[in-house]
Amino acid sequence: MTTHTIVVVSAGLGQPSSTRLLADRLAAATAEDLPAGTRIITIELRELAHDIVDNLLTGFPSPALNEVIGQVARADGLIAVTPLYNGSYNGLFKSFFDVIDPETLAGKPMLIAATGGTARHSLALEHAIRPLFSYLRAVTAPTAVFAATEDWGSASSSGGELTARIERAGSELAALIDRSQPAAPADPYASVPSFGQLLRSR
């Protein structure tokens, strides 16, 4: 059985972070629709902020950043979540994807999501974040998930709507990952008749 690896990139700056909370829920929803044993690797960009800036200045990643970039490159699927500031992704989020080789995400299944104070920021997913990953030629799931502060009220209808979006997006990413896996090699002896078949044909 194939073991899948999902890498989750969270660009939240606070601790605890609603961005990380959304990222964790999206990863769990995706893993539910994949085989047991799916591995989830979560990357907190706030812990790599200095390494990312140093890479932008020198052109060379630190060992820690190089390992993270390798994890993204090897992932079967990617979940990228950012808080929104002034109607777009935050600088740390963009800087991380700036230091990754442009070919790394080509053809990679991924899910995009964001958090913000109010729902009026939600369009940033379509006019800022999705175009970024389209440029990098990633294969993004149709459903992008935005969570406003009000969406986290578990007793409210908005909380139920957020859960439904998370589950739909996770299912879409899982389907993309399944479709992107190489087919099992064909059995070279599948079309060779058995000895019994040869005897019956005489």
Go through the range 124-149 and report how many residues are in a loop (DSSP other than H, G, I, E, B) and closer than 22 Å to Leu21 by Cβ. 3
So which of Thr82, Thr58 is of a type in the set (Val, Ile, Thr) and free of Cβ contacts under 8 Å to residues at least 60 places away in the same chain? Thr58
Name the pairs: first residue in the range 5-17 and in contact (Cβ under 8 Å) with a residue 40 or more places away in the chain, second residue open to solvent by 20 Å² or more (accessible area, probe 1.4 Å) and in a strand (DSSP E or B), Cβ to Cβ under 6 Å, at least 6 apart or on different chains? Thr5/Arg39; Ile6/Ile40; Val7/Ile41; Val8/Thr42; Ser10/Glu44
Out of (1) under 21 Å from Gln15 (Cβ atoms); (2) modelled with pLDDT under 95, the one Leu65 does not meet is (2)
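The values are calculated or read from the model by the stated rules, or taken from the named source; none is laboratory data. This is a predicted model, so every value here is computed, not measured. Positions of Cβ are backbone-derived with ideal geometry, glycine not excepted, and every protein chain shown enters the neighbour counts. Surface areas here come from the heavy atoms of the whole protein model, side chains and all, with no ligands, DNA or RNA. Shrake-Rupley method; radii C 1.70, N 1.55, O 1.52, S 1.80 Å.
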